[in-house]
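Note sheet for the following structure.
No value in this document is a laboratory result; all are computed from the given coordinates. What you see is a predicted model, and the numbers here were worked out from it, not measured in a lab. Positions of Cβ are backbone-derived with ideal geometry, glycine not excepted, and every protein chain shown enters the neighbour counts.
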Amino acid sequence: MIWATLFVMLVIVAFIAVRMSAKHEEQGLHDTGLAIIEFNRAFPTEAIRSLQATANGQVVFVRLHDNKAGFMRSMQRHYSCQVIQPGRVRVQSSDSGKGLTVDFLDTPHQNGTFEFASPKEASEVALWLLGNYVAEPDRELPLADPTAANHR
């Protein structure tokens, strides 16, 4: 009788553990609070401006305060975080129109196609990555031909 009770208790504990594990895997990085904590743990000196998760929640693109970009991917039990260096990424639209195909030149194992919930979210992330790509001198507009609105 004691062995049967112990066996039933062991089965109940195993069932609860499996359910908790499955629930944790389903969440991914949809929890932005967790994404902020984990990215700041990896890069404590980088100030986060905005986050955008993919549709499946496995990847979060991070817009940093100084117009740099970051990337965070769920790897089962840990997270892979990186700050994307300017000029070290290539971005193309995916076939669905709601995603991006991103090639990281420094970390090719992170390359992939990332689908978002809407084309608007994909275009926003593309702008972050392109803003990160443009060299600093190219960001300033020439003042040689001012517009009519600037004449007084």
> Charges only on Cβ, +1 for Lys and Arg, -1 for Asp and Glu: so what's the dipole of segment 29-136 about the Cα centre, in debye to the nearest 20?
Replying inline: 100 debye
> Rounded to the nearest 0.05, what FRET efficiency is calculated for SER80 and ILE16 with R0 set to 25 Å and r the Cβ-Cβ distance?
Replying inline: 0.30
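For ASP66 and HIS109 in the same chain, what is the full-extension length gain: residue separation times 0.36 nm, less their Cα-Cα distance, in nm? Numbers along the way, then the final one.
Details: separation 43, 0.36 × 43 = 15.48 nm, distance 2.59 nm.
Gain in length upon complete extension: 12.9 nm.
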